[in-house]
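Here is the structure we will look at.
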Amino acid sequence: MKQSIFEITENVALTKDVYRMKLAGDTSAITAPGQFVNILLEGRFLRRPISVCDWEDGILTIVYKVVGHGTEQMSEMSAGEKLDILTGLGNGYDMTLCGDKPVLLGGGVGVPPMYGLAQCLRQKGIEVSVILGFNTQSEIFYEEEFKALGCSVTVATADGSYGVKGFATTPLEGMDYSYFYTCGPEPMLKAVYKATNTSGQMSFEERMGCGFGACMGCSCKTLTGYKRICKDGPVMKKEEILWEA
Amino acid sequence: MGSLNVNLCGIELDNPIIPASGTFGYGYEYAELYDINELGTFSFKGTTKDPRFGNPTPRIAECYSGMINAVGLQNPGVEKVISEELPKLKACFHKPVMANVSGFSVEDYAYTCEKLDKEEQVGWLEVNVSCPNVHGGGMSFGTCPEAAAEVTKAVKAVTTKPVIIKLSPNVTDIVSIAKACEDAGADGISLINTMLGMRINLRTRKPVIANKMGGFSGPAIFPVAVRMVYQVANAVKIPVVGMGGVSSAEDVIEMMLAGATAVEVGAANLVNPYVCRDIVRDLPEVMAKYRINSLSEIIGGAK
């Protein structure tokens, strides 16, 4: 974990309410795709945890959806403005277990961390299939970016306005894959858990206090004991997940 | 440079800065960031007799200048705290530490305190009779003078280290409770724990926190804390540890002028993990600005 000041270099709308922000600063604490950063905003007490979309030396990219006051405030910021950010939070995805042809499933604002993961897997020369699930065509983002990485990309929309009609799990049927990675809203994670016939990893969300394991604000029960989403997660292995009613 | 030392219940502190229980774990998360031996001490995560998961999530809500938590005393229970957490704490912190204890009965408090009292590194026992997030215990002991005194007596009977009773602000007369603890043998009083609060989500029309209510903390409660520390410090002879919304060296000095011998910092740690170290480093300059030679001389200086 590292606390440092980043400067916004880009903040653009990808859809009606999803934005991509690029920031220049010290990314040395980020060690794995699926980790997150915690952003301090003027006038807001708690930081905003946002997953890392991708990163390289000195450049951090986040893709976030406006869902409340904090993200709305972020969407109004422009290049040149500075942000106090904690980086290198959470465990991230374990890429050693992926096998020879993993499938990545991203739902809505769960798509961004899949991009960083796809990038890392492709750099290792691994064949990557990607399924992106959205409600409707106007909400789709990053299809071309995944294709540019050389991934085989399938888009599913709930209303059938683009690609396969259905959910992120719909194209899974009949697909041959060695392992899965996913991030998305909890109903989708549950559906992926049921629909997949291999092991895999999923990333969870929870309201957080600190984001670095100190406050126990985001604890959950797993089959291997109590875990803090922020520190022991946000990524959990399929075998340890305990769904609570 | 002015002197930062204070003496808390017979134990000398290099400075009065103490991260508050529940915001600092067992220290090691922060030890990855800086040398936590720069702190006066810290109060570790509230410990109970049995292991506890705590409350369902969401446990956190944000407010203007603060937050609400309803963690509900998640901890591995006193046996595991001693066997697993304290060795890890010892590896990164070499000073006497404050052991924070909660319970659901007088016997619980005595049991847990007796165990922790035997641990060499424990300098003080901070007995939390003020947790707003558990049912049938916690705060109910801290809202009635007789019950607070009963816990104090039971703990004092089985321990040798200084016992500091941590009080709740959710009462009509804080002074009578503090005095009851003093009369029952408490060596110190710490206050304030969080204030009972609540937020409601306009979209779902449901409370933001699964447990509905939780403990409100952060800079917003600082004036309430200063007021209560002042009232209690002027009514008891034992040392008072002040806390509630403290986030800067100026806040520490204000709290000490109100009557605090040492000062705990809570919610601010969650936002800026370096805040306690920064406060320790900022204190000499702020002391010079207000012509303070020694922090211990300003305790209760506001008349």
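Just so it is clear, none of the values below were taken in a lab; they were calculated from the coordinates. Fair warning: this is a prediction, and the values are worked out from it, not measured in the lab. Cβ: placed from backbone, ideal geometry, glycine included. Neighbour counts: every protein chain shown.
When the alpha-carbon atoms of the range A:63-104 are used, the pair Rg, Dmax equals 16.4, 42 angstrom. In degrees from 0 to 90, rounded to the nearest 10, what is the angle of the helix A:186-195 Cα long axis to the longest principal axis of chain A? Tilt relative to chain A: about 30 degrees. One quarter of the convex hull surface built on the alpha carbon atoms of the range A:113-245 amounts to 9.1 nm², the projected area averaged over directions. Normalising by residue count, the range B:1-144 has a Cα convex hull of 149 Å³ per residue.
Rg/Rh for the range A:2-89 stands at 0.92; both radii use Cα atoms, and Rh follows the Kirkwood definition.
Residues whose amide H falls under 5 Å from that of A:Gly233, counting only those 5 or more places apart or on a different chain, are A:Asn91, A:Arg228, with hydrogens built in the peptide plane. Residue by residue, the range B:64-77 carries 3J(HN,Hα) couplings of 4, 6, x, 8, 10, 10, 9, 5, x, 6, 4, 6, x, x Hz when phi is fed to the Karplus relation 6.51 cos²θ - 1.76 cosθ + 1.60 (θ = phi - 60°); x denotes Gly or Pro. What number, rounded to the nearest 500 deg cm²/dmol, is the helix-based mean residue ellipticity at 222 nm of the protein assembly as shown, given -39500 (n - 2.57) per DSSP H run of at least four residues and division by all its residues? Value at 222 nm, helices only, nearest 500: -6500 deg cm²/dmol. By other beta-carbon atoms within 10 Å, ranking B:Ser217, A:Ser178 with the fewest at the front produces A:Ser178, B:Ser217. What angle do you read, to the nearest 10 degrees and between 0 and 90, between the alpha-carbon axis of helix A:111-123 and the longest principal axis of chain A? The helix A:111-123 is inclined about 70 degrees to chain A.
A dipole drawn for chain A from +1 and -1 charges on Cβ atoms has a positive end, and of A:Gly184, A:Thr224, A:Phe204 the residue lying farthest that way is A:Thr224. In the protein assembly as shown, the convex hull through the Cα atoms has an average projected area of 25.1 nm², a quarter of its surface area. Note on the range B:86-215: with charges restricted to the Cβ of Lys and Arg (+1) and Asp and Glu (-1), its dipole about the Cα centre is near 880 debye.
Only the Cβ atoms of Lys and Arg (+1) and of Asp and Glu (-1) were treated as charged; on that basis the dipole of the range B:21-127 about its Cα centre amounts to roughly 140 debye. Placing one equal scatterer on every Cα of the range B:210-298 and applying the Debye formula, the log10 ratio I(q)/I(0) at q = 0.10, 0.17, 0.18, 0.22 Å⁻¹ is -0.27, -0.72, -0.79, -1.09. Legend: calculated FRET efficiency, B:Ala157 to A:Glu240, from the Cβ-Cβ distance at R0 = 45 Å, rounded to 0.05, equals 0.55.
For the range B:6-298, the Cα gyration tensor yields ellipsoid semi-axes of 25, 23, 20 Å (square root of five times each eigenvalue, largest first, whole Å). Applying a DSSP loop filter and a limit of 13 other Cβ atoms within 10 Å to the chymotrypsin sites (Phe, Trp or Tyr not before Pro) in the range B:1-104 leaves B:Tyr64.
Here the residues B:Val265, A:Val12, ranked from fewest to most Cβ neighbours within 10 Å of their Cβ, fall in the order A:Val12, B:Val265. Near B:Gly244, the amide H atoms lying under 5 Å from its own belong to B:Ile192, B:Gly266; only residues 5 or more places off or on other chains count, and H is placed 1.01 Å from N.
Using Cβ point charges alone (K and R +1, D and E -1), the dipole size of the range B:6-298 about the Cα centre works out to roughly 920 debye. Per-residue Karplus couplings for the range B:243-248, computed as 6.51 cos²θ - 1.76 cosθ + 1.60 with θ equal to phi - 60°, are listed in order as 7, x, x, 5, 9, 8 Hz, Gly and Pro entered as x.
Along the axis of the charge dipole computed for the protein assembly as shown (Cβ charges of +1 for Lys and Arg, -1 for Asp and Glu, origin at the Cα centre), the listed residues A:Cys98, B:Gly123, B:Tyr109 are led at the positive end by B:Tyr109.
Over 21 Å apart at the Cα level, from the set B:Lys115/B:Lys153; B:Lys166/B:Lys303; A:Lys231/B:Lys88, are B:Lys166/B:Lys303. Derived scalar couplings between HN and Hα for the range B:26-32 equal 10, x, 6, 4, 7, 5, 5 Hz in order, rounded to whole Hz, by the Karplus curve 6.51 cos²θ - 1.76 cosθ + 1.60 (θ = phi - 60°), x for Gly and Pro. Near the amide H of B:Gly300, within less than 5 Å, lie the amide hydrogens of B:Leu257, B:Ala258, B:Gly259, B:Ala260, all on another chain or at least 5 residues away, with H placed in the peptide plane.
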